[in-house]
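For reference, the structure is listed below as structure tokens.
Here, each number is a calculation from the coordinates, and none is a lab measurement. Computed from a predicted model, the values in this text were never measured in an experiment. Cβ placement follows ideal geometry from the backbone for every residue including glycine, while neighbour counts extend to all protein chains displayed.
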Amino acid sequence: MSTGDTEPIPINQHMRRNPPIEGEAEAITKAQNGDSEAFELLYSLHKRRVYSLCLRMLGNIAEAEDLTQEAFLQLYRKIGTFRGDSAFSTWLHRLAVNVVLMHLRKKGLTQISLEESLEPVQDDGPRKDVGARDLTLAGSIDRVTLERAVENLPPGYRLVFVLHDVEGYEHNEIADMLACSIGNSKSQLHKARMKLRELLRTGERKEQAV
Amino acid sequence: MTDKRSFTKDTTKMDCAHFQERLPELFESGADLGADEHLRSCSNCAALVRDLEYIAQQAKLLLPLHDPSPTVWTNIQSAIQRDGVNLERENKSPVKHP
């Protein structure tokens, strides 16, 4: 396992991942007026990120494709209501996140509200790291290892981690998407990173023991 | 008589707990963590900060790589054509693009 010796950058200096896309605004207007080619263009511009979000949240290709389909059908129904108050990708992601959360509720979280579904059960929480012996992760994580660790995060942590650290959304955008507070988004992200550290360190210890 | 070593250890633990409670806000504020007094004297918390920064950096490795299969678009098209009436669009609002 190796990823080279790149220096960690400050955690708050996050690169934006959703810059405006050339031709998108025009395609939105045309799609709002029923232009099917414009809708197809929007699909091709955003299918990868929507699918990736669904796949990370469900860990199953068939389900992820079903939900990607559902998200774009919802887009087709609702595109007329997009007013441009937020970036289109943020708006579409909010829609996709709702589709994913609805699906997760149907699978077993039916009694849980959106805010609560973002709160993992107590046992899943990361531990405070007071007095633990040191073992730094720097230089030791590759894509596959991290991907596996993310899969093992509780859904609420995973969603905020993917939206912020992977997709590059800001906390205010995530709060808007998930209908939660900015503080809640920040707190979930921190807990997600702490839990990931725990999972990655556990993995390293197991490897060293072999 | 107070055990000096245990007192120091407890104080350090309290400092660590306090520091880690503040950590989410410190990260988000963009503060220079290298200048933090506790961090300069606590190797455990320094390692924690390094790890969390490293995890956030490595998360970029997870950018989407795969597209859904072509079947997804075929199904979307079919659903729109088949259920066109049921998929009646919601009211349009005046468009205001950024």
Practice prompt. For B:E21 and B:S41, compute 0.36 nm times the residue count separating them, minus their Cα-Cα distance, and round to one decimal in nm.
Written response: 5.5 nm
Discussion item. Longer than 22 Å from Cα to Cα, which of A:K47/A:K78; A:K47/A:K191; A:K78/A:K107; A:K106/A:K195; A:K186/B:K60; A:K30/A:K78 are they? Say none if no pair is.
Written reply: A:K47/A:K191; A:K78/A:K107; A:K106/A:K195
Practice prompt. Of the options A:L199, A:T145, A:I182, report the single residue whose Cα projects farthest towards the positive end of the charge dipole of the stretch A:138-201 (beta-carbon charges: Lys, Arg +1; Asp, Glu -1).
Written response: A:L199
Fill in: Cα-centred dipole magnitude for the stretch A:19-111, charges only on beta-carbon of K, R (+1) and D, E (-1), debye, nearest 20
500 debye
Worksheet item: B:V72: net charge of surrounding residues, Cβ under 14 Å, Lys/Arg +1, Asp/Glu -1, itself excluded?
Response: -3
Worksheet item: What number, in percent, do you get for the relative contact order of the stretch A:19-111 if the mean sequence gap of Cα pairs under 8 Å and at least 6 apart is divided by its residue count?
Response: 24 percent
Practice prompt. Set the Förster distance to 22 Å, then compute FRET efficiency between A:S44 and A:D85 from the Cβ-Cβ distance, nearest 0.05.
Written response: 0.35
Worksheet entry | Neighbourhood charge, 12 Å Cβ-Cβ cut-off, centred on A:A38 and excluding it, Lys, Arg +1 and Asp, Glu -1 | -4
